[in-house]
Each structure stands twice: as C-alpha cells, then as structure tokens.
1. Could you list all residues from segment 126-152 that are more than 17 Å from the chain's Cα centre (by Cα) and not in a loop (DSSP other than H, G, I, E, B)?
2. Identify, please: which residue in segment 102-115 is aliphatic (A, V, I, L, M) and under 18 Å from the mean Cα position of the chain (by Cα) and is, among those, nearest to residue 180 (Cα to Cα)?
3. Does residue 34 satisfy being under 17 Å from residue 198 (Cα atoms) and either crowded, with 18+ Cβ neighbours inside 10 Å or touching a Gly at 6+ places or on another chain (Cβ under 6 Å) (or both)?
4. What's the number of the condition residue 183 fails, among (1) in contact (Cβ under 8 Å) with a residue 24 or more places away in the chain; (2) of a type in the set (Asp, Glu); (3) out of contact with any Pro (no Cβ under 7 Å at 6 or more places or on another chain)?
5. One residue is enough: does segment 154-161 have a residue meeting the conditions surrounded by 15 or more Cβ atoms within 10 Å (Cβ to Cβ), in contact with a strand residue (DSSP E or B) (Cβ under 8 Å, 6 or more places away or on another chain) and without any contact (Cβ under 8 Å) to a residue 40 or more places away in the chain?
6. Go through segment 194-241 and report how many residues are part of a helix (DSSP H, G or I) and touching a residue at least 60 places away in the same chain (Cβ under 8 Å).
7. From 111, 51, 95, which residue is in contact (Cβ under 8 Å) with a residue 24 or more places away in the chain and out of contact with any Ser or Thr (no Cβ under 9 Å at 6 or more places or on another chain)?
8. How many residues, within segment 68-105, are of a type in the set (Val, Ile, Thr), buried (at least 16 other Cβ atoms within 10 Å of the Cβ) and out of contact with any Asp or Glu (no Cβ under 9 Å at 6 or more places or on another chain)?
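Derivation of every value follows stated rules applied to the coordinates shown; laboratory data play no part. Because the structure is a prediction, the values reported are computed rather than measured. Using ideal geometry, Cβ is built from the backbone for each residue, glycine included, and neighbour counts are taken over all protein chains shown.
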Amino acid sequence: MEATVKAAQIDPRRADDTLTPGAKSSVLLVEKALRDRKLLAAKWVDGYFGTTTVAAYAKYQKSLGYTGLAANGMPGKTSLAKLGAGRFKVTKTITPGAKVSSGGVIINTRTRNMLAEAKRLLGRKLVLDQGSYNPGGDPTSAGTHDGGGTVDISVKGMNAATRTAVVRALRKVGFAAWVRNPDQADWPWHIHAVAISDTDLSAQSQHQVGDYYLGLNGLAGRGPDDGPKVTIRTWEEYQRR
C-alpha cells in the first residue's frame, strides 16, 4: 500500500511516464483489478498511477458508496483490501486515524503523532494557525486544508534560521513543508506542511506532495523547492529508519 499511495501522489504530477521506483508491481495489481471491473482501459495497465488511474480508482471508491475524501482517488486501506479480495494481499498499510482536536484545530492522529515527533526533534512547541478537514476555510489555502494531513504553523517569534530548522524537522518526519511568505501570495508568514501519503489528502494537497517529490515548491507556479534538503521519507519510513 505504501508504494501504491506514493505513486498515486507523484505520477500525476510528472511531465513524462517515468514510474515511481518500487511501485510498479503493486500499481499493476491495482490497475489489473480496476481493468477487470471495467473501470480502466487495458492500455492504461502500465504500472503508472497517473491521472487516468486516479480517476478510475475514484470511480471504484464511489461504486463502494464512498463520497468526499473517501473517494479522492487515493487508495485507502479498506477500499484496497476490497479490491484485492481473492487477488492480492495488502501489506504496509497506512491509516490517517481518527480526527482529534489539537490547539483548537482539527487534525488526525497520524498528523498529531508526526507533529509530536517534529516537536521532540526541535525541542520546542509548534502552534497551529490552521488545521485539517477545513473545507471552505482560509481562501488563500486553495483547498489544501479541505482534507486531512495538512496544517499551517505559526512562525511568530521565529527568525529565519529557526523557521528553516522547523521546516527541516517537519520534512525529516514525513511532511512536505515550506516557509510561506507574503511575496508569494496574499498570506502572512507561516509554515505550510502536508503529511506525505495521508490517504485523506485533498486533491490540492496530493499535488503538493507530488511536486515536493519532484523538487518543486508546492505553489501554483511550480517553481523550484526553496526549503532545506533532506532525504524524503514518509512517516512510516521514518519510523523504520
């Protein structure tokens, strides 16, 4: 599941049909199952989890009665297990967990655990300006907070070095994270962080994660990444390191 979800974030953002390393065999299993359900044309069974496969998976999720975030085209643990019944076994599962309140905003338990580890690495508290599952919230967020796994962190009282250190810690534990500044758009200074491979991500946040893997800044202009360089890992990969 980890490899398949990773491909579902990265492949739709590629300019070519390069396959996500380590994901081909898993993606092929999913695509063959979608093909056999007549949700995906045979020509798209290629190990590349691009926009066509994402759309097919969303149709499959809707066929199960899912709506909203549960039909976002990202393979979730339950839908993937149903798709694989009698065909393949789902391993290395990812679950966002329950919604919880943190500092007055809503996030899920996976995000909460990731933030707790980043705080431990930093030795300082992090204050959330905006949480997850916030449809129709701050219009400058362009829908990134509509789903799970996405938070904005206050930089009040932080100098440039501290802001960079916070982003580095967030990236180490599995966030795609950037310092945002008023020159980029109509927003105040803050840190934007998206939990990689959270299966509740909005489409906009899925795109930001894919761009992060491709060395981009997660903004609409798709400029080069302007954050500290770290080895990109998911939360699950960080825990196994």
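1. Restricting attention to segment 126-152, the residues satisfying the condition of being more than 17 Å from the chain's Cα centre (by Cα) are 126-129, 136-140.
128, 129, 139, 140 - these are the residues of segment 126-152 that are more than 17 Å from the chain's Cα centre (by Cα) and not in a loop (DSSP other than H, G, I, E, B).
2. Here is the first cut: in segment 102-115, the residues aliphatic (A, V, I, L, M) are 105-107, 114-115.
Remaining after also requiring under 18 Å from the mean Cα position of the chain (by Cα): 106-107, 114-115.
Details: 106: 21, 107: 20, 114: 20, 115: 18 Å.
Among them, the one singled out is 115.
3. Working: under 17 Å from residue 198 (Cα atoms): no; either crowded, with 18+ Cβ neighbours inside 10 Å or touching a Gly at 6+ places or on another chain (Cβ under 6 Å) (or both): yes.
No, not satisfied.
4. (1)
5. If we filter segment 154-161 for residues that are surrounded by 15 or more Cβ atoms within 10 Å (Cβ to Cβ), which is where we start, we get 154-155, 158.
Now restrict to residues that are in contact with a strand residue (DSSP E or B) (Cβ under 8 Å, 6 or more places away or on another chain): 154-155.
When the remaining residues are screened for being without any contact (Cβ under 8 Å) to a residue 40 or more places away in the chain, the result is 154-155.
The answer is yes; a qualifying residue exists.
6. Of all residues in segment 194-241, those part of a helix (DSSP H, G or I) come to 203-213, 235-240.
Applying the additional criterion that residues be touching a residue at least 60 places away in the same chain (Cβ under 8 Å) yields 203-211, 213, 235-238.
Qualifying residue count, segment 194-241: 14.
7. Numbers: 111 fails: out of contact with any Ser or Thr (no Cβ under 9 Å at 6 or more places or on another chain); 95 fails: out of contact with any Ser or Thr (no Cβ under 9 Å at 6 or more places or on another chain).
Only one candidate passes the filter, namely 51.
8. Total satisfying the criteria: 2.
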